[in-house]
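One structure is given here, and the rest of the page talks about it.
The values are calculated or read from the model by the stated rules, or taken from the named source; none is laboratory data. Every value quoted in this text rests on a predicted model; they were computed, and no experiment measured them. Cβ placement follows ideal geometry from the backbone for every residue including glycine, while neighbour counts extend to all protein chains displayed. Just so you know, the surface numbers come from the protein's heavy atoms only, side chains and all, with ligands and any DNA or RNA stripped out. Shrake-Rupley method; radii C 1.70, N 1.55, O 1.52, S 1.80 Å.
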Amino acid sequence: MWIMRGIRAGLMLAVVCLAGVGCKQYYNGAFGMGNDDYDMVKEYHLQREQKQIEDEKRRQAQMQEQERIDSPRIGIDGGQSGLPPQHNTTQPVLDLNHEVALPDAQPGNQGSWVPPTQPQQDYVSTQLPVRPYQPTTQPVSIYGQMPGESGEVSPLDSTGQLRRVSFTEEGGDFDVTLDRAGEYLLYASTRHRQTADLYRQKIDGSAITQLTDDSGNEVMPTLSPDGKTIAFASDRSGNWDIYLMDAEGGPAVQLTSDRTHDVHPSFSPDGKRLVYCSLSERSGQWQLVVVDVANPTTKRYIGHGLFPQWSPTGNTILYQRARERGTRWFSVWTVELDERGEAGSATEILWSSAYACITPAWSP
């Protein structure tokens, strides 16, 4: 595990971001695609191949024009004037009917794009040296990338000043959060079994304290502002709900008990309220819910979104939300609550037509 706030890795709760069909997202931020999105991907690659054909056509035309300009003109008498030389007819000829057979898209699991079992067809014509799109058997990430694109090297690929602080040899450590003093970490881990438990560890130490020991999964821990209480999500009761427990460990108290999935809690600055996201049974979309910690039956729905983060100094809530048309990429939004807890108008603060903007977080 590396000390980085970024894309979370985790378990396998698959949920639908959009009503009906379309982009799917797992609780930890991983993406998959619905049937409509596979049509979009196929169209994207067809357009990409067509652009390569057009670029190659322009390149060959420019080369031929340059050869015509640079080549000497040979006259009947052998002089340097007269008719232009005959070009080599064995040079590649642009085939306007060039086609590439793309595979039929099949939905994969957890952000994977699984290729069809039938072997891929080759070019209809091999005259044009354009590399065909070849799907991979490895999972394909679409955090800002379409399948088949290699992407660029990220500055985050460098080790820089990173320091490794956990050393599990099996399973994984994820959903990391720090206390406000920056002295210790809370995280979920599958290091001891296939289901996740919560652990506590000092940043400058290697000893870990196991805080939960349940057959279900405990994930997404967050600390109250005073550092005394941990809120987290667990499926120990059959579906995902929000729980509270002492930061030093001990029995957990169930805060929500709806039939819907409730995940990713975040405390208000005074610690009296929590915001989390809940999967609506009616719409099939994730919605943001604010609950009173002392009276959990008092709830307020403030809009649609995922992975809310309450500002450490005010009543502004940061979250991500997917578009319901076009590329369907996620973008980052904020909404501010008034003194009565009513939500104002949502504001989109970060977006892109080519990339997904996900899992936002506040600085201290």
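Does VAL290 satisfy the condition of being under 22 Å from LEU350 (Cβ atoms), touching a residue at least 24 places away in the same chain (Cβ under 8 Å), hydrophobic (A, V, I, L, M, F, W, C) and in a strand (DSSP E or B)? Before the answer, list the steps.
Values: under 22 Å from LEU350 (Cβ atoms): no; touching a residue at least 24 places away in the same chain (Cβ under 8 Å): yes; hydrophobic (A, V, I, L, M, F, W, C): yes; in a strand (DSSP E or B): yes.
Here the answer is no, as VAL290 does not meet what is asked.
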Within the set of pairs 6 or more residues apart or between chains, which connect a residue that is more than 18 Å from PRO265 (Cβ to Cβ) and free of Cβ contacts under 8 Å to residues at least 40 places away in the same chain inside region 345-364 to a residue that is open to solvent by less than 90 Å² (accessible area, probe 1.4 Å) and part of a loop (DSSP other than H, G, I, E, B) with Cβ atoms less than 7 Å apart?
LEU350/CYS357; TRP351/CYS357; SER353/THR327
The conditions are (1) in contact with a Leu (Cβ under 9 Å, 6 or more places away or on another chain); (2) without any contact (Cβ under 8 Å) to a residue 60 or more places away in the chain; (3) more than 24 Å from ALA188 (Cβ to Cβ), and PRO308 fails exactly one of them. Which is it?
(3)
Selection within region 212-248 - over 16 Å from HIS264 (Cβ atoms) and of a type in the set (Gly, Ala, Ser)
SER215, GLY216, GLY227, SER237, GLY238, ALA247
Selected residue (criterion: farthest from the chain's Cα centre (by Cα)) from residues of region 268-301 that are aliphatic (A, V, I, L, M) and either modelled with pLDDT under 90 or open to solvent by 20 Å² or more (accessible area, probe 1.4 Å) (or both):
ALA294
Tell me yes or no: at least one residue of region 310-328 is buried (at least 18 other Cβ atoms within 10 Å of the Cβ), touching a Lys or Arg at 6+ places or on another chain (Cβ under 9 Å) and not hydrophobic (A, V, I, L, M, F, W, C).
no
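Criterion first (surrounded by 15 or more Cβ atoms within 10 Å (Cβ to Cβ) and polar (S, T, N, Q)) does SER215 satisfy it? Walk me through how you get there before you give the answer.
Working: surrounded by 15 or more Cβ atoms within 10 Å (Cβ to Cβ): no; polar (S, T, N, Q): yes.
When the stated conditions are applied, SER215 does not pass them.
Restricting region 196-205 to residues that are surrounded by fewer than 19 Cβ atoms within 10 Å (Cβ to Cβ) and of a type outside the set (Asp, Glu), which is farthest from the chain's Cα centre (by Cα)?
Going through region 196-205, the residues surrounded by fewer than 19 Cβ atoms within 10 Å (Cβ to Cβ) turn out to be 202-205.
Those left that are additionally of a type outside the set (Asp, Glu): 202-203, 205.
On the way: LYS202: 29, ILE203: 27, GLY205: 31 Å.
This residue is GLY205.
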Just to verify a result, which residue in region 220-259, among those that are open to solvent by 70 Å² or more (accessible area, probe 1.4 Å) and in a strand (DSSP E or B), is farthest from ARG282 (Cα to Cα)?
ASP246
Assess whether THR334 counts as being in a loop (DSSP other than H, G, I, E, B) and polar (S, T, N, Q).
no
